[in-house]
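As structure tokens, the structure follows; a few thoughts come after it.
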Amino acid sequence: MNRKVIILTIVSMTFALIGLMGIQIYWITNASSVKEANFKRSVNEVITRVVAKIEQIEKRKALQINQFEGMLNFNRHIKYENFITSEGLDSLVSAELNVRGIDTRFEVGIYKPEKDTMLLRTSMRAPREIIKKGFAFRLFASDIFTSPEYLIIYFPNEQIFLLTELWGMLLISIILIVLIMYSFVYTIMTIFRQKRLSEMKNDFINNMTHEFKTPISTISLACEALKDDEGSKASGFFWNYLNIIEEENKRLAGMSEKILQTAVIEKGQLKMKKEKVDFHMIISDVIKNIRIQVEIKDGEIIKDFKASQHFLEGDKVHLTNLVYNLLDNANKYSPRRPVIRVQTENTSNGIMLTIEDNGIGISKTDQKKIFEKLYRVPTGNIHEVRGFGLGLSYVKAIVAEHKGKISIDSEVNKGSTFRIFLPFTELKEK
């Protein structure tokens with residue numbers, strides 16, 4: 001997948017995500033507006049009934065007090081304290097709200113604008129706040145001799161109540177938005193991961209082609225030389241060519257084995273043939289084999305064996321490959337005069353192998369990826385460094401099979417230090 005396609009895909013998905021989130025927000029806003037409108041309608045219906053009941057109570061009480069006085073005071077209601085109390089008003093409103101399913105705290109009172117005072121109220125809240133934020137309804141509209149009076153109801157937790165009514169919808173919307181965002185991020189990460197894997201695969205194929213082509217070409221040339229050689233088998237050239245063919249054949253076998261080992265690890269079929277081994281002996285043998293490659297570059301390998309207990313229960317072949325991979329990397333990534341220090345020391349329950357070099361080092365970003373299969377650290381101008389990107393992933397797998405740990409400490413242009421801890425927990429007496 002090329003860069004333009006990736007950018008187009010990301011832009012398209014971004015617009016799609018913004019669009020879906022916009023729809024969700026619009027849906028929530030619209031639902032909230034509908035809930036608010038229904039709430040106001042229900043409150044209007046409730047207070048209309050309360051006003052009607054207050055007027056009915058007043059009429060009955062007026063007749064009980066003085067029918068004659070009630071006739072003289074035509075269309076004039078009696079004082080509120082004569083027919084209703086604050087508690088009674090609260091109970092009346094509460095009953096009607098419960099019928100409508102409005103279960104939230106409220107404050108109610110009777111306000112007279114002419115005197116700018118609350119004639120009756122159920123809370124000690126400042127009247128101005130109740131008047132400003134509450135719902136107002138005219139009382140005794142037919143009383144033409146009394147200045148207007150209003151029944152005011154205020155809901156301090158109105159917004160919380162409306163949100164509570166919408167919590168199911170809000171929860172679903174939030175879950176959907178989170179899922180959409182997660183899917184978006186996951187998809188983008190997958191695209192970049194696949195792109196990186198594709199690049200790594202192409203690098204692997206190119207490197208493998210180069211690595212296999214060199215020994216194959218060498219063997220081919222040696223065979224052609226043998227065909228053209230008219231001398232006998234006693235000829236020095238004859239045996240030189242055979243040695244070249246043998247060495248290059250071993251090189252091909254080694255590279256093939258490395259690829260096959262990685263495939264085995266990937267399938268989870270790696271099997272350890274564990275036995276009691278001398279870890280110092282394994283390290284020394286590897287150093288002996290690789291020392292000449294280091295000395296060709298005018299470098300040196302320094303042994304510093306401090307571990308007094310150096311016998312492990314492990315697979316000799318895989319432990320040998322582990323040490324070889326690390327020393328080979330230390331040599332390859334040290335462009336000139338490599339100085340490689342190999343140290344061992346005992347811990348409370350195992351042995352620690354430390355391999356330190358003075359090479360090009362590894363950045364913090366690359367340190368997080370070096371143990372991934374096929375990943376190769378960029379080497380800048382060091383073009384002669386070849387490989388498959390399989391070495392350190394294999395090393396990590398072998399360390400894990402021995403219940404150990406591996407870590408790295410490195411800075412660019414200041415070298416690298418690998419530490420491998422292998423425990424004694426599986427050591428068996430022979």
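More than 37 Å from the chain's Cα centre (by Cα) and either assigned to a helix (DSSP H, G or I) or at pLDDT below 75 (or both): does that describe ALA234?
yes
Give the residue that is nearest to ARG138 (Cα to Cα), with candidates limited to residues of region 37-67 that are surrounded by 15 or more Cβ atoms within 10 Å (Cβ to Cβ) and either of a type in the set (Asp, Glu) or without any contact (Cβ under 8 Å) to a residue 12 or more places away in the chain (or both).
Here the answer is GLU55.
Give me a count of the residues in region 183-197 that are of a type in the set (D, E, K, R) and at pLDDT 80 or above.
Summing the residues that are of a type in the set (D, E, K, R) and at pLDDT 80 or above in region 183-197 gives 0.
Suppose we filter region 76-107 for residues that are open to solvent by 50 Å² or more (accessible area, probe 1.4 Å), at pLDDT below 85 and not basic (Lys, Arg); how many remain?
Result for region 76-107: 2.
Among the residues of region 132-162 satisfying the criterion of being modelled with pLDDT under 80 and open to solvent by 40 Å² or more (accessible area, probe 1.4 Å), which is nearest to TYR26 (Cα to Cα)?
That would be SER142.
I'm checking my understanding of the structure. Among residues of region 334-345 that are out of contact with any strand residue (DSSP E or B) (no Cβ under 7 Å at 6 or more places or on another chain) and surrounded by fewer than 20 Cβ atoms within 10 Å (Cβ to Cβ), which one is nearest to PHE279 (Cα to Cα)?
The extreme case among them is ARG337.
Show me the strands (runs of 3 or more DSSP E) found entirely inside region 287-361 where at least 1 residues are in contact (Cβ under 8 Å) with a residue 60 or more places away in the chain.
Ranges flagged: 311-315, 339-346, 350-356.
I'd like to check something: does region 387-394 contain any residue that is open to solvent by 30 Å² or more (accessible area, probe 1.4 Å), modelled with pLDDT under 70 and farther than 18 Å from GLU345 by Cβ?
No: zero hits.
Only one residue in LYS414, LYS430, LYS373 is among the basic types (Lys, Arg), farther than 18 Å from VAL286 by Cα and either modelled with pLDDT of 90 or more or under 27 Å from the mean Cα position of the chain (by Cα) (or both). Which one?
LYS373
Please count how many residues of region 108-131 are loosely packed, with under 14 Cβ neighbours inside 10 Å and over 55 Å from the mean Cα position of the chain (by Cα).
5
The values are calculated or read from the model by the stated rules, or taken from the named source; none is laboratory data. If you're wondering where the values come from, they're calculated on a predicted model, not measured in any experiment. Cβ atoms come from the backbone with ideal geometry, glycine included; neighbour counts cover every protein chain shown. Accessible surface is based on the protein model in full, side chains and every heavy atom, while ligands, DNA and RNA are left aside. Shrake-Rupley method; radii C 1.70, N 1.55, O 1.52, S 1.80 Å.
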